[in-house]
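Below is one structure, written out as structure tokens; the observations come after it.
The values are calculated or read from the model by the stated rules, or taken from the named source; none is laboratory data. All of these numbers come straight from a predicted model, not from anything done at the bench. So basically every Cβ, Gly included, is an ideal-geometry build from the backbone, and we count neighbours across all protein chains shown. These accessible areas exclude ligands, DNA and RNA; they are computed on the full protein's heavy atoms, side chains included. Shrake-Rupley method; radii C 1.70, N 1.55, O 1.52, S 1.80 Å.
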Amino acid sequence: MKLILIAIAVILVTIGLVWLIDKFIPSKLRPVLMIALWALIAFLGYQTFNSIYEPIKFNKVKEKRYAAVIEKMVDVRDAQLAHRQVIGNFAPNFENLIKFIDTAKFTITQRRIETVLDEERTKLFGGVETMKDITVIDTLGYVSVKDSLFKNSDRYKTMMNVPSIEGAKIEMKAGVLGEEGENKIPVFEAKLLKKVILADQNKDLLAQENETISVDGVNGDAIRVGSLEEINTSGNWPKTYGDSE
């Protein structure tokens, strides 16, 4: 905003100089000075316009590319959560994750409450029958992870790539949290740096974007889902791009 005000002030001063030249400079020198000053006005006008338009163009490109990356991140998260549900941990790389989707099945179960004899309490009460409720889980069948998550699509095979962004490839790691001897909790993180997503954009605006801290923005220097530092499988994007949970 400060730059825009300075540019406008310089333009007004230049226009004032044009008027002064017209009034006080000898007629022989006027054409050259007038051309130079009007050229300066045109240049400053362009700079002012560009300072306003450049952020608008940057944001349009950013939003389109972020949406494409987040669409991929959602697939990665869904696939990893399925991997943890079936296998018990997160896949360490995309090769393993894709193999899992191709072959794994979800178990379809049904929970029901059943009333049975509580033998211990029956003995305690001298043979008086005492009943208790227990939860019984019945296995009804199995369904393919691939069909459940991706139906007729094979997009999971390329979920690490963002074709609309040259050179963009999502990074992914998996690990565990917990000290030695404790129950270790599996974690994963997938991310794509903003400097890769917006590599061909204005460097100053990219630097500002990397410092984003806002409920309406993608915070930090990357679009990411999950974390290797805490128990978290959410994405760091706002709801305007879709569900991050």
Checklist entry - Taking region 188-245 as the region of interest, how many residues are under 20 Å from Ala168 (Cα atoms), in contact with a helix residue (DSSP H, G or I) (Cβ under 7 Å, 6 or more places away or on another chain) and assigned to a loop (DSSP other than H, G, I, E, B)? => result 6
Checklist entry - Does Thr212 qualify as being within 18 Å of Val69 (Cβ to Cβ) and modelled with pLDDT under 90? => result yes
Checklist entry - What is the number of the single condition among (1) of a type in the set (Lys, Arg); (2) open to solvent by less than 90 Å² (accessible area, probe 1.4 Å); (3) closer than 22 Å to Ala67 by Cβ that Lys169 does not meet? => result (2)
Next on the checklist: Given the condition modelled with pLDDT of 90 or more, open to solvent by less than 40 Å² (accessible area, probe 1.4 Å) and either over 20 Å from Gly235 (Cα atoms) or under 22 Å from the mean Cα position of the chain (by Cα) (or both), answer yes or no: does some residue in region 127-138 qualify?
Outcome noted: no
Checklist entry - In region 57-83, what residues are within 21 Å of Lys151 (Cβ to Cβ), open to solvent by 40 Å² or more (accessible area, probe 1.4 Å) and more than 16 Å from the chain's Cα centre (by Cα)? => result Leu81
Checklist outcome for this item: Residue pairs qualifying under the 6 Å Cβ cut-off, at least six apart or on distinct chains, with the first in region 84-98 being farther than 13 Å from Ile185 by Cα and the second being in a loop (DSSP other than H, G, I, E, B), are Val86/Ala104; Phe94/Met160; Leu97/Ala91
